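The next block holds one structure in the form of structure tokens; read it before the comments.
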Amino acid sequence: MSPYRLVYGKACHLPVELEHKTFWAVKKLNFDLQKAGSARLLQLNELEEHRMFSYESAKLYKEKTKAWHDKRIQKRELIPGAEVLLFNSRLRLFPRKLKSRWSGPFKLVKVYPYGAVDLLDERTGREFKVNGQRVKQYWGESVARMKITTILSEP
């Protein structure tokens with residue numbers, strides 16, 4: 001890598017170098033300038049075709065992957081006031097087989113039109129916003145959330 005490229009971020013083309021390349025191209029094609037020009041035009045057209053083919057392939061790939069991901073989005077009817085569980089995707093600190101990645105239950109406060117939801121942690125009173133795909137309905141029974149500890153002492 002040249003110092004010029006390190007400073008300016010592009011290659012340095014000197015007139016002598018360009019002249020040498022054009023001379024080499026003309027020499028290769030038997031000193032026929034017409035043949036050299038048509039060969040260069042053919043190369044440019046092939047390059048343009050390759051770019052268009054790549055663009056179309058990338059477009060088709062994006063459409064297919066979007067359809068694949070959209071097919072896997074789960075449609076849910078979330079009702080404000082319901083209890084939900086929150087999926088913790090960042091629970092990698094102590095990976096265990098039997099440790100649940102669902103935390104909660106939380107109370108659903110508000111559902112936004114594009115899938116976001118507001119949850120309320122009733123133990124701390126904290127309200128926060130999460131993606132609606134990370135929650136699921138809590139079907140468990142209502143149990144006492146506050147644990148009461150009774151210390152038994154000898155009389």
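Summary table
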quantity	calculated
Additional length obtainable on full extension of the chain from SER89 to LYS110, 0.36 nm per residue less Cα span	5.4 nm
Listed pairs LYS10/LYS66; LYS59/LYS107; LYS62/LYS136 exceeding 32 Å between Cα atoms	LYS10/LYS66; LYS59/LYS107
Coil-residue GluC sites (Glu not before Pro) of segment 51-129, DSSP, other Cβ within 10 Å capped at 16	GLU77, GLU122
Anisotropy class of segment 46-86 from Cα gyration tensor, a/c 1.5 cut	prolate
Residue-normalised accessible area of segment 42-138, given per residue in Å² at a 1.4 Å probe	84
Positive minus negative residues near LYS110 (Lys, Arg vs Asp, Glu; Cβ under 11 Å)	0
With DNA, RNA and ligands ignored, accessible area of SER54 (1.4 Å probe; Å², nearest 10)	50
Heavy-atom accessible area ranking, 1.4 Å probe, most first, across PHE87, PHE53	PHE53, PHE87
Accessible-area value, ILE73, 1.4 Å probe, nucleic acids and ligands omitted, Å²	80
Modelled FRET efficiency - R0 30 Å, LYS64 with LYS136, Cβ distances, 0.05 increments	0.60
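The values are calculated or read from the model by the stated rules, or taken from the named source; none is laboratory data. For clarity, every value in this text was computed on a predicted model and none was experimentally measured. Don't worry about glycine lacking a Cβ; one is built from the backbone with ideal geometry, like all the others, and counts go over all protein chains shown. SASA here: full protein model, heavy atoms, side chains in, ligands and nucleic acids out. Shrake-Rupley method; radii C 1.70, N 1.55, O 1.52, S 1.80 Å.
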